[in-house]
Amino acid sequence: MSDPVSPLLPPVADQRPVERTLFGRTVLDEYAWLRNRDDPEVISHLQAENMYTEAVLEPTVSLQQQLFEEIKSRVKETDLSVPVVKDGWSYYSRTLEGSSYAIHCRRFVGLDADPVAVALSTDERSDAGNANDADTDPNWGPEQLLLDENLEASDDEDGYFEIGVFDTTPDHRILAWADDRSGDERFTLKFRDLDSGIDRPVRIEGVSYGSAWATDNVTLFYIRPDHANRPHQVWRHRLGTDPVEDELVFQEDDERFFVGIGRDRDDSYVYIGCSSSITDEIWLIPADAPETLPVCVEPRCEGVEYAVAHHQGTFLVLTNFDAENFRIMTTTPEAPGREHWVELVGHRAEVMLTGFDVLDSHLLLFERTGGVTRMSSRRWSDGQYRTLAQAESVYTVWPGANPESSATVYRYGYSSMVTPPAVFIVDLETDERRLLRQTEVLGDFDPDRYETSRTWATATDGTRIPLSLVWRRDRPSGPGPCLLYGYGAYESSVDPTFSSARLSLLDRGFVFAIGHVRGGGEMGRQWYLNGKLQHKPNTFDDMVACAGHLIDTGWTSARQLTLRGGSAGGLLVGAVVNRAPELFAAVVAQVPFVDVVNTMLDPSLPLTVTEWEEWGNPAATVEAYERMASYAPYENIGDNPYPAVFATGGLTDPRVGFWEPAKWVQRLRRHTTSERPVLLWTEMEAGHGGPTGRYAGWKDEARVLAFILWALGIDQPGLDQPGTADR
């Protein structure tokens with residue numbers, strides 16, 4: 001299967017090469033010219049690449065449509081989310097068949113309304129295009145439309161639209177909302193009077209994610225990014241004033257640190273958080289005194305991370321100070337500093353404490369042990385601790401929306417690779433659970449048709465690497481098609497959850513596997529530390545071991561195995577196929593971070609400076625440079641029999657430059673010794689997350705799945721006729 005000879009494939013050989021010399025090592029980058037987005041030749045090149053990819057994948061057009069229809073057919077297109085009740089208002093979103101985006105709504109249900117009853121009413125109303133048609137309580141008010149993203153989005157089907165701020169005042173009368181229409185993650189902030197549904201004429205351009213209202217209902221704190229798109233300033237705006245009068249409240253000049261903002265559940269404080277990859281610092285402003293100067297909780301100390309929540313006159317502090325896997329401390333607003341911290345929940349070597357939530361009656365703990373998430377509770381009255389048991393051995397659990405601290409029940413989310421996402425509520429005294437809502441998968445979906453399990457690969461240094469697997473029970477025995485997915489960076493965990501789109505592969509005989517490699521957070525803090533900086537090569541060794549394990553244990557073969565990853569997972573994909581191209585038949589690299597050395601040498605780019613703590617600074621020492629250069633995917637492309645490759649990029653992506661996959665693809669084409677195609681698809685009106693709107697997203701995924709099936713030679717509709725092409 002080779003690239004067809006096509007006039008659409010643009011000639012790019014050695015156009016304007018750039019030479020770099022560092023620590024006595026000279027490197028020629030023959031494709032550096034592709035970085036210039038303002039160059040018409042670059043845009044023409046990307047457009048030609050898209051045309052070429054369409055030409056190569058032309059045999060899959062009907063398959064792409066079939067896969068799109070399969071994905072679409074499983075989704076209940078007209079649906080309602082589980083409502084969240086706050087101060088008598090029930091907030092929810094709904095979707096309509098044929099509409100790409102969500103519609104945000106609310107209704108007044110009364111201060112005495114039972115949040116559980118309101119949530120359970122969702123099932124009775126979810127088939128209604130207009131929820132007013134199916135009221136279950138005559139005392140509830142009519143539905144009020146807050147924001148219809150479909151009306152706000154561009155009429156262009158291929159346009160970009162993303163909401164970055166959605167925040168109502170404490171009195172529920174004003175909505176602050178912000179939209180991005182290019183994908184560059186710079187938003188326009190607006191203010192909507194919810195009584196009238198009309199936006200005020202004020203616009204604040206160039207804001208970032210995040211906001212917090214003061215309790216006076218007129219003061220909003222928002223964030224601005226710097227020239228490199230790093231959130232670095234907090235500004236204060238008062239309704240009714242010109243934005244030119246807005247005041248700068250806080251500025252972070254250290255380029256390693258990003259700024260965030262939020263308000264506590266009990267409306268006591270506005271938090272300004274400054275975080276690098278390894279260090280935190282938090283500043284407080286009383287929510288009822290928004291013009292007060294921020295006060296620091298604990299000055300930053302290299303390597304010390306902490307998060308704060310206020311509860312009944314006390315601060316709870318989640319921190320790794322003298323606690324690698326984190327512990328919880330208490331302190332007071334009058335003396336919040338570290339010298340006053342008192343331990344509440346101690347460090348445990350076998351349990352990673354990833355987060356907490358606090359109610360009046362209980363402290364909720366979110367933990368990891370053995371590579372699995374879990375939820376535990378601690379009762380304030382007597383300190384009783386217990387873990388909430390789950391029905392499956394391989395699953396994921398996460399906190400839900402719980403806006404009222406007085407609640408004695410707690411909402412949480414649950415999913416596994418065979419169980420669609422569900423929202424549960426648990427009585428914290430009795431452990432009695434009730435299902436509020438589970439995502440409905442339409443068609444003939446039967447969870448008992450599928451099976452999931454955990455297996456373990458062994459890395460070259462003897463470390464056991466967990467893999468989560470899912471497959472159809474009637475899958476033929478013996479090696480078959482397999483998709484292996486991984487990420488392995490930033491201590492981010494790829495937990496086993498359900499995907500309805502994935503069913504299109506499982507129903508064609510695939511096994512889907514997640515390699516929980518080092519660099520992620522699945523197995524605790526050491527798991528992360530052993531996959532970053534000088535230990536980064538462990539991440540790639542782990543994934544090679546995962547691929548080898550799947551082959552050696554008979555799940556698949558090298559001619560049937562696809563590797564997939566995105567962003568930092570694209571770095572993983574690129575490094576692994578350089579090391580072991582013979583293990584894979586196909587590769588999907590979405591917005592891949594593959595030009596690592598060049599990006600980390602350029603502090604003007606978004607993320608570079610802060611990510612020196614993750615990857616290292618190649619300009620700092622020869623050791624750091626040589627280590628990074630030894631694994632960087634773009635730097636290490638050789639004359640190898642590479643798999644079929646499908647790479648994607650986003651022209652306005654502020655996180656991974658569109659030129660990274662563009663350059664990588666060119667160099668791969670030049671050096672591969674196989675006849676398998678190397679393809680690039682660039683979203684010309686999107687950023688890091690790809691196209692917006694659910695239909696565009698489904699079409700995008702259908703294209704990826706069609707490439708995988710085509711590259712592996714699978715054109716049969718399902719398990720009745722499994723097949724793969726020899727290589």
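Here, each number is a calculation from the coordinates, and none is a lab measurement. Values in this document were obtained by computation on a predicted structure and should not be read as measured data. Here Cβ is always computed from backbone atoms with ideal geometry, including for glycine, and neighbour counts include all displayed protein chains.
For this structure, a couple of remarks:
- Inter-site label distance for Asp242 and Glu626 at 7 Å from Cα along Cβ, in nm: 6.1 nm
- Local net charge near Glu185, Cβ-Cβ under 10 Å (Lys/Arg +1, Asp/Glu -1): -2
- Helix 694-711 and the longest principal axis of the Cα set of the chain meet at an angle near 30°.
- Gyration tensor (alpha-carbon) shape descriptor, the stretch 600-662, a/c threshold 1.5: oblate
- Computed 3J(HN,Hα) for the stretch 279-294, one whole-Hz value per residue from the Karplus formula 6.51 cos²θ - 1.76 cosθ + 1.60 where θ = phi - 60°, is 9, 10, 8, 10, 10, 10, 10, x, 5, 9, 9, x, 8, 5, 5, x, glycine and proline marked x.
- Karplus-derived 3J(HN,Hα), 6.51/-1.76/1.60, for each residue of the stretch 468-476, Hz, glycine and proline x: 9, 10, 9, 7, 7, 4, 8, 4, x
- Count of Lys pairs (Cα-Cα under 30 Å; at least 8 positions apart or interchain) in the chain: 7
- Relative contact order of the chain, taken over Cα pairs closer than 8 Å and 6 or more residues apart, is 11 percent.
- Remark: the Arg173-Asn636 segment gains 161.0 nm on full extension, using 0.36 nm per residue and subtracting the alpha carbon distance.
- Relative to the current alpha-carbon distance between Ala117 and Asp461, full extension at 0.36 nm per residue lengthens the span by 118.5 nm.
- Evaluated with a Cβ-only charge set (Lys, Arg +1; Asp, Glu -1), the chain carries a dipole of roughly 2000 debye about its Cα centre, given to the nearest 20.
- Estimated inter-spin distance, Glu451 and Leu293, nm [label 7 Å along Cα→Cβ]: 6.7 nm
- Selected from Val418, Leu365, Met375, residue furthest toward positive end of dipole (the stretch 351-440; charges at beta carbon): Val418
- The chain shape via C-alpha gyration tensor axes, a/c threshold 1.5: rounded
- Sites Ile43 and Asp360 - FRET efficiency at Förster radius 41 Å, r taken between beta-carbons, to 0.05: 0.10
- Förster-model FRET efficiency, 45 Å R0, His535 and Glu19, C-beta, rounded to 0.05: 0.90
- Gain in span if fully extended, Thr330 to Ser182, counting 0.36 nm per residue against the direct Cα distance: 48.9 nm
- Whole-number percent relative contact order across the stretch 351-440, with pairs defined as alpha carbons under 8 Å at least 6 apart: 18 percent
- A simple count of charges around Gly531, restricted to other residues whose Cβ falls under 13 Å of its Cβ and scoring Lys, Arg +1 and Asp, Glu -1, yields -2.
- The chain: angle of helix 537-552 to the longest principal axis, Cα-based, in degrees nearest 10: 70 degrees
- Asp253/Thr430 FRET efficiency (R0 51 Å; Cβ-Cβ; nearest 0.05): 0.50
- This model, with +1 at the C-beta of Lys and Arg and -1 at the C-beta of Asp and Glu, gives the stretch 268-312 a dipole about its Cα centre of some 40 debye.
- In the chain, helical runs assigned H by DSSP with n ≥ 4 each contribute -39500 (n - 2.57); averaged across all residues and rounded to the nearest 500, the mean residue ellipticity at 222 nm is -5500 deg cm²/dmol.
- Distant-in-sequence amide contacts of Tyr450, defined by a placed amide H-H separation under 5 Å and a gap of 5 or more residues or a different chain, comprise Arg473.
- The label point for Thr387 and the one for Arg670, both projected 7 Å from the Cα toward the Cβ, are 5.3 nm apart.
- Shape of the stretch 351-440, Cα gyration tensor, a/c cut at 1.5: oblate
- Nearest-ten-degree value, helix 40-56 long axis tilted from longest Cα axis of the chain: 70 degrees
- Summing charges over all other residues whose Cβ lies under 15 Å from the Cβ of Thr460, with Lys and Arg as +1 and Asp and Glu as -1, gives 0.
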